[in-house]
Amino acid sequence: MDKELYLVGLNYKTAPVEVRERFALSDPALADQTPQDSGVLECMILSTCNRVELVAVGRDKDTPQRLLDFWAEARQEDVSRLKPYVYVHQGPDAVRHLFAVASSLDSMVVGEPQILGQLKDAYRAALEKRNAKTILNRLLHKAFSVAKRVRTETAIASSAVSISYAAVELAKRIFDDMRETHAMLIGAGEMAELAATHLVNSGIASVRVANRTFERALQLAKQYDGEAVHFDELIPQLAKVDIVISSTGAHEPIIRAKDMRAVLRRRKNKPMFFIDIAVPRDIDPDVNSLDNIYLYDIDDLKEVVEENMAHRREEASRGRLIVEEEALAFCTWLKSLELQPTIVDIVRMGESIAKEELERTLKRLGPMPDESQEILRAMLSSVVKKLIHEPITFLKRRSEEDEASERHIVLLRRIFNLDDDRVPDDPHAGRRRKPR
Amino acid sequence: MEYKTLLFIAVIFCYSLGALGIVLGTLARRPAVKSAANLLTLAGFALHSVFLLKLFLEFGPRGLSAAYHIQLLAWCLILFYLAAWRWLRYPFLGMTAAPLAMLLSLFSLQLAGLRDILPRHLSGLFFGLHIWSLYISIGMLTMAFGAGLLFVYTESKIKNKIPLAEFTKDMPSLSTYDRVNSVAVMAGFPFYTLGLMSGFIWAPMTRSVVENPKVILSLFIWFLYALLFYQRAAIGYRGRKTAVMAIVIFGISALSLVFDYAVSHHSLQLMP
């Protein structure tokens with residue numbers, strides 16, 4: 001074996017957060033220290049809050065140990081403290097794992113898009129430090145295209161998996177142009193503010209903020225470049241907004257169905273979407289029974305998120321099939337790399353013989369026009385190509401078909417004596433039967 | 001086989017595959033299938049145009065069959081769909097328009113041979129006003145029906161917090177369905193009124209139809225249509241109620257159409 005791909009790492013499944021913190025390799029300075037001189041030919045470090053992984057191309061089976069030693073040393077820790085949390089993948093398993101990571105199939109929230117960006121950053125760092133060469137370059141480019149394929153051919157990232165984002169997605173199912181919708185934030189709270197931020201990012205026309213403390217309303221309105229509303233003006237103001245996010249600490253509903261009937265009349269029945277994140281609820285559940293009003297409380301949104309998560313998990317199994325298919329194709333290419341030196345040697349040998357024989361023949365033939373010499377050269381080149389075509393095709397086919405390509409490489413090297421081995425005068429003397 | 005028959009078979013083939021492709025492509029979220037189906041529908045429409053023009057030139061406005069009128073309606077539906085797809089960017093209307101056009105084309109086969117002979121002095125006006133204004137209004141009603149159907153489906157899911165099917169992710173929002181429904185009703189009602197009035201003016205001149213149940217049904221549809229128009233324009237109704245009403249009006253109109261060509265005065269069976 002000449003070169004092999006290795007991946008060592010830990011992630012949120014194998015290591016608790018304290019361990020992940022202790023062995024994080026997010027410091028950019030570490031990229032300089034990658035173990036290049038000790039049999040590790042190429043190396044890339046991926047370090048995020050949920051995983052630390054080292055992807056490397058090494059010459060021998062000690063490569064994973066070298067990577068672990070480097071890793072522990074970089075964190076000034078003992079390698080024995082790291083080992084229990086680490087997984088090691090080699091060859092096809094490493095390829096499969098990396099493709100799954102890039103496609104966000106191995107993420108805590110399946111389908112989240114950040115991991116691809118983080119992987120791209122890690123690759124960029126490896127490129128800058130010249131730690132990524134032929135194999136890692138191809139591997140990472142392939143990983144990015146696999147990730148894209150998984151995202152486009154499956155619905156892995158199509159549904160919202162956070163409550164605030166799910167609310168915005170629902171709003172988009174009701175209103176056709178978010179730029180023409182107006183929202184109101186009632187009260188405050190982390191989740192409500194997050195939903196409002198998502199709405200603002202989706203391009204809504206304006207945000208109004210109502211709070212029992214007007215100063216707080218002003219403060220929040222400033223944050224969203226919106227307008228503060230006095231709390232006692234809440235119901236009349238509702239006629240001017242399409243989306244309402246409510247999260248107050250009130251113990252009784254602050255918006256009731258009877259209030260909304262009048263509001264709807266004033267709005268000429270234009271649809272409204274209420275997102276009630278408060279517990280106890282701010283909006284009377286009967287409001288949902290009115291035509292053109294859609295009310296979702298925190299449990300409804302949680303349910304949407306859970307269903308979306310389940311859907312993503314289903315889609316992930318389709319994504320894994322794509323990863324499997326692509327990993328197989330990549331490994332075939334990787335295997336073909338093992339053949340390259342032998343193929344190059346065979347071609348060189350053929351060309352060298354042809355050149356020698358041509359020179360000898362030309363000497364014997366005497367002076368000859370350039371055109372005739374060129375024809376002879378082309379003929380010899382063609383003979384050599386045809387002669388070596390079959391052995392090379394055989395080697396490539398065997399390499400794709402079975403695991404024993406190394407045996408065939410050795411055999412072919414011996415047949416053509418590519419390594420210039422000295423053959424004894426009687427090589428089979430030991431095998432021959434002795435006369436009785 | 002006569003070339004007109006071949007042409008008609010090609011039209012049916014294109015419409016059928018187009019309708020199937022549009023529905024399956026939408027449900028399975030396959031844009032390539034939808035695009036291919038739209039191209040097939042477009043090809044079917046072009047062939048249909050040639051076919052209808054050929055028949056019109058051959059028989060003239062007075063000698064056209066009942067099947068021709070039904071096919072003209074199918075052609076109108078596809079025309080409306082293609083216009084909505086091309087200019088309004090509402091490809092979802094294909095979900096209803098394409099299968100309906102296919103069904104109408106197949107239905108026209110049942111009426112082959114029935115010929116509606118009009119008095120010479122009325123044929124021009126009849127074609128210009130009665131048929132075209134009614135067909136435009138039915139085309140509009142089909143748009144309202146398609147948008148209404150999708151509105152009711154999507155709205156009931158959102159309202160009752162039931163997960164939406166995957167294919168709806170490529171579909172427009174409730175507001176878009178409602179707007180299409182509104183535009184179709186507001187534009188379609190005047191045409192329906194015009195078509196009906198022209199029918200009432202000229203029909204007694206050709207045959208006795210006042211006591212015909214078809215007339216009562218047409219008046220009933222007009223009344224419902226007028227109510228929907230009034231609710232939309234004056235009261236500002238929108239959403240589920242108007243969507244359901246558009247579906248009901250379309251349903252009754254479709255029944256009326258079948259009834260019309262099966263037993264009523266548009267059928268040759270009652271012709272002298």
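What the table below lists for this structure:
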{"quantity": "Single unsatisfied condition, A:GLU315 versus (1) within 14 Å of chain B (Cβ to nearest Cβ); (2) surrounded by fewer than 15 Cβ atoms within 10 Å (Cβ to Cβ)", "calculated": "(2)"}
{"quantity": "Which listed residue, of A:ASP291, A:ASP276, A:ASP286, A:ASP225, is within 11 Å of another protein chain (Cβ to nearest Cβ), of a type in the set (Asp, Glu) and more than 28 Å from the chain's Cα centre (by Cα)", "calculated": "A:ASP291"}
{"quantity": "Residue within segment B:153-160 that is at pLDDT 90 or above, among the aliphatic types (A, V, I, L, M) and either in a helix (DSSP H, G or I) or in contact with a Ser or Thr (Cβ under 9 Å, 6 or more places away or on another chain) (or both) present", "calculated": "yes"}
{"quantity": "Criterion violated by A:THR332 - all others in (1) over 31 Å from the mean Cα position of the chain (by Cα); (2) more than 10 Å from chain B (Cβ to nearest Cβ) satisfied", "calculated": "(1)"}
{"quantity": "B:TYR177, sole failed condition from (1) surrounded by fewer than 20 Cβ atoms within 10 Å (Cβ to Cβ); (2) within 14 Å of chain A (Cβ to nearest Cβ); (3) at pLDDT 80 or above", "calculated": "(1)"}
{"quantity": "Residues being surrounded by 10 or more Cβ atoms within 10 Å (Cβ to Cβ) and part of a helix (DSSP H, G or I) - total across segment A:361-374", "calculated": "6"}
{"quantity": "Test for A:GLN114: is it surrounded by fewer than 22 Cβ atoms within 10 Å (Cβ to Cβ) and touching a Phe, Trp or Tyr at 6+ places or on another chain (Cβ under 7 Å)", "calculated": "no"}
{"quantity": "Residue under evaluation A:SER382, criteria (1) touching a residue at least 12 places away in the same chain (Cβ under 8 Å); (2) hydroxyl-bearing (Ser, Thr, Tyr); (3) under 20 Å from A:GLU351 (Cβ atoms), criterion not met", "calculated": "(1)"}
{"quantity": "Filter result for A:GLU356 (within 29 Å of the chain's Cα centre (by Cα), at pLDDT 90 or above and assigned to a helix (DSSP H, G or I))", "calculated": "no"}
{"quantity": "B:GLY146 touching a Cys at 6+ places or on another chain (Cβ under 8 Å), of a type outside the set (A, V, I, L, M, F, W, C) and away from chain A (no Cβ under 11 Å)", "calculated": "no"}
{"quantity": "Residue, nearest to the chain's Cα centre (by Cα), within segment A:294-312, restricted to residues that are more than 9 Å from every other protein chain (Cβ to nearest Cβ) and touching a residue at least 24 places away in the same chain (Cβ under 8 Å)", "calculated": "A:ARG312"}
{"quantity": "Residue in segment A:350-370 that is touching a Leu at 6+ places or on another chain (Cβ under 7 Å), touching a residue at least 12 places away in the same chain (Cβ under 8 Å), within 20 Å of A:ARG413 (Cβ to Cβ) and of a type outside the set (A, V, I, L, M, F, W, C) present", "calculated": "yes"}
{"quantity": "Per-region count, segment A:228-259, residues within 14 Å of chain B (Cβ to nearest Cβ) and aliphatic (A, V, I, L, M)", "calculated": "2"}
{"quantity": "Unique residue being crowded, with 23+ Cβ neighbours inside 10 Å and assigned to a helix (DSSP H, G or I) when the list is B:ALA97, B:ALA46, B:ALA83", "calculated": "B:ALA97"}
{"quantity": "Residue in segment A:64-114 that is nearest to A:LEU328 (Cα to Cα), counting only those that are under 25 Å from the mean Cα position of the chain (by Cα) and of a type in the set (Ser, Thr, Tyr)", "calculated": "A:SER103"}
{"quantity": "One residue from A:LYS335, A:LYS386, A:LYS363, A:LYS396 being modelled with pLDDT of 90 or more and not assigned by TED's automatic domain parsing to the domain that holds A:LEU139", "calculated": "A:LYS386"}
{"quantity": "Residue match in segment A:180-187 (condition: within 14 Å of another protein chain (Cβ to nearest Cβ), under 30 Å from A:GLU233 (Cβ atoms) and either in contact with a helix residue (DSSP H, G or I) (Cβ under 6 Å, 6 or more places away or on another chain) or in a helix (DSSP H, G or I) (or both))", "calculated": "yes"}
{"quantity": "Residue pairs meeting the criteria (Cβ under 6 Å; at least 6 apart or on separate chains; first surrounded by fewer than 22 Cβ atoms within 10 Å (Cβ to Cβ), in segment A:252-276; second β-branched (Val, Ile, Thr) and assigned to a helix (DSSP H, G or I))", "calculated": "A:ALA257/A:VAL287; A:ASP259/A:ILE235"}
{"quantity": "Condition check for A:VAL323: out of contact with any Gly (no Cβ under 8 Å at 6 or more places or on another chain), over 19 Å from A:LYS258 (Cα atoms) and more than 11 Å from chain B (Cβ to nearest Cβ)", "calculated": "yes"}
{"quantity": "Test: residue in segment A:49-60 that is of a type in the set (S, T, N, Q), in the same structural domain as A:LEU140 (by TED's automatic domain parsing) and at pLDDT below 90", "calculated": "yes"}
{"quantity": "Among (1) in a helix (DSSP H, G or I); (2) over 30 Å from A:ARG96 (Cβ atoms); (3) of a type outside the set (S, T, N, Q), the one test that A:GLU326 misses", "calculated": "(2)"}
{"quantity": "A:ILE156 being within 14 Å of chain B (Cβ to nearest Cβ) and outside any helix (DSSP H, G or I)", "calculated": "yes"}
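One line per residue, one yes/no per condition, for (1) farther than 18 Å from B:GLN71 by Cβ; (2) within 22 Å of the chain's Cα centre (by Cα); (3) touching a residue at least 24 places away in the same chain (Cβ under 8 Å):
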site: B:TYR15; (1), (2), (3): no, yes, yes
site: B:ILE22; (1), (2), (3): yes, yes, yes
site: B:THR26; (1), (2), (3): yes, yes, yes
site: B:ARG29; (1), (2), (3): yes, no, yes
site: B:ASN38; (1), (2), (3): yes, yes, yes
site: B:ALA43; (1), (2), (3): no, yes, yes
site: B:ALA46; (1), (2), (3): no, yes, no
site: B:LEU57; (1), (2), (3): no, no, no
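Okay, residues lined up against (1) outside the structural domain of B:LEU24 (by TED's automatic domain parsing); (2) within 13 Å of the chain's Cα centre (by Cα); (3) modelled with pLDDT under 85:
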site	(1), (2), (3)
B:ALA74	no, yes, no
B:LEU77	no, yes, no
B:TYR81	no, yes, no
B:ARG89	no, no, yes
B:PHE92	no, no, yes
B:LEU100	no, yes, no
B:SER105	no, yes, yes
B:LEU111	no, no, yes
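The values are calculated or read from the model by the stated rules, or taken from the named source; none is laboratory data. This is a predicted model, so every value here is computed, not measured. Here Cβ is always computed from backbone atoms with ideal geometry, including for glycine, and neighbour counts include all displayed protein chains.
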